[in-house]
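Worksheet for the structure shown next.
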Ligand code: Q9C
Ligand code: ZN
């Protein structure tokens with residue numbers, strides 16, 4: 001199975017995040033990718049660079065003004081004499097909704113972000129755009145006839161909506177891949193999000209659409225990030241009514257309950273009649289993940305991949321989270337094994 005990877009991911013480095021009241025080095029670190037690459041090289045997977053795409057190819061799911069903000073934000077920050085990580089400190093919360101982008105870069109940052117855990121550093125744009133190109137390339141490989149392709153995306157994407165970033169995500173790689181598959185002629189596309197955290201961005205992008213099904217298994221938003229979306233009663237709206245399926249699970253969920261929920265999601269995708277599948281592949285469901293609370297072991301990721309591959313749909317897998325760096329390679333390779 002083709003792996004698409006760009007070394008430009010490493011340009012996104014050195015960021016800090018607000019974590020339990022402290023500024024700490026970002027859990028979403030470049031060495032995650034080194035570990036995944038090593039595991040995939042050991043499995044003899046063919047690894048290639050992403051193709052070139054113009055910035056406009058991001059506008060299939062993202063607002064052009066939002067993309068321009070991400071592209072120019074760090075230069076604007078430097079013009080104000082600052083360095084290090086950009087983090088927002090004020091947000092248009094429920095009582096401040098004017099839906100107006102402030103002129104200054106600090107206000108604009110708060111307008112577009114939804115947390116103080118997603119730093120923009122000097123190389124963030126380059127890395128995020130390269131990550132999106134990995135997903136687009138994987139989608140086009142599948143459109144050209146590959147049975148499956150894996151985009152080694154970093155930074156991840158599923159928390160980013162059309163004009164909102166957060167949760168370590170800037171551009172929504174999985175949504176870009178799903179939309180590219182639609183554009184290539186797959187009439188019905190399903191996104192299966194198995195990251196520990198709810199894929200609020202992907203859900204939002206496709207919420208009112210009946211042609212893209214979104215199914216997600218995740219830690220319940222009652223206690224888990226991103227807190228405000230991912231409840232079971234979110235089922236889509238308008239033409240998308242019934243095309244969103246949320247399966248929130250309690251902290252501590254282990255394989256037996258997880259596997260049952262996974263089968264519910266897979267049956268729904270099958271019933272939807274998906275012509276192609278995008279998997280938001282987070283492995284932060286691992287028992288030793290430092291910021292998550294499920295209890296899956298490395299062997300369970302192999303079983304997970306086998307069940308997903310049994311859907312027998314042309315499949316793009318895009319890397320999302322996973323922060324237990326020592327195990328991330330084995331866990332990702334475990335899911336991918338059934339697609340090899
Ligand atoms: N600072 C993904 O897995 N955590 N994103 C906020 C700790 C944010 C996870 C509290 C977790 C985002 C792609
Ligand atoms: Zn996650």
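Please treat every number below as a calculation from the coordinates, not as lab data. It should be emphasised that the depicted structure is a prediction, and the values quoted were computed from it without experimental measurement. When we count neighbours, we look across all protein chains shown, and the Cβ atoms used for this are built from the backbone with ideal geometry, even at glycine.
Within the chain, the proportion of Cα pairs with more than 37 Å between them is 10 percent.
Here the residues 339, 214, ranked from fewest to most Cβ neighbours within 10 Å of their Cβ, fall in the order 339, 214. Taking Cα atoms only, the orientation of helix 298-309 departs from the longest principal axis of the chain by about 70 degrees. For segment 113-196, the spherically averaged projection of the C-alpha convex hull amounts to 5.8 nm². Each principal axis of the Cα cloud of segment 1-125 was taken in turn, and the coordinate range along them, longest first, works out to 53, 36, 30 Å.
Only beta bridges with both residues in the chain are counted; by DSSP, about 20 percent of them are antiparallel. Expressed as an acute angle from 0 to 90° and rounded to the nearest 10, what is the orientation of the C-alpha long axis of helix 325-337 relative to the principal long axis of the chain? Taking Cα atoms only, the helix is inclined about 40 degrees. Rounded to the nearest 10 degrees, what's the angle between the helix 255-272 long axis and the longest principal axis of the chain, both from Cα atoms, 0 to 90? The answer is roughly 90 degrees.
Scaled against the 2.2 N^0.38 Å expected of a compact globular protein of N residues, the Cα radius of gyration of segment 42-107 reads 1.61. Mean sequence separation of contacting Cα pairs (under 8 Å, at least six apart), scaled by the length of the chain, corresponds to a relative contact order of 19 percent. Here segment 169-241 is described by how far its Cα atoms reach on the three principal axes: 39, 26, 17 Å, from widest to narrowest. The ranking of 79, 287 by Cβ neighbour count inside 10 Å, starting from the fewest, reads 79, 287. If you take the alpha carbon atoms of segment 139-179 and fit the smallest convex hull around them, that volume is 58 Å³ per residue.
Stretching the chain fully between residue 49 and residue 96 yields a gain of 12.6 nm (0.36 nm per residue, less the alpha carbon separation). This ranking places 153, 134 by how few other beta-carbon atoms lie within 10 Å of each, fewest first, which gives 134, 153.
Taking max minus min of the alpha-carbon positions on each principal axis, segment 179-335 gives extents of 40, 31, 24 Å, largest first. May I ask you to derive the FRET efficiency for residue 22 and residue 251 from their Cβ-Cβ distance with R0 = 22 Å, giving the value to the nearest 0.05? Efficiency computed from Cβ-Cβ geometry: 0.50.
Here the relative contact order of segment 154-220, from alpha carbon pairs under 8 Å that lie six or more residues apart, stands at 32 percent. For the chain, the mean residue ellipticity at 222 nm estimated from helices alone is -11000 deg cm²/dmol, where every DSSP H run of n ≥ 4 contributes -39500 (n - 2.57) and the total is divided by all residues, rounded to the nearest 500. Given the C-alpha centroids of segment 294-340 and segment 67-137, what is the distance between them in whole angstrom? Each part reduced to its Cα centre gives a spacing of 31 Å. Stretching the chain fully between residue 223 and residue 291 yields a gain of 23.2 nm (0.36 nm per residue, less the alpha carbon separation).
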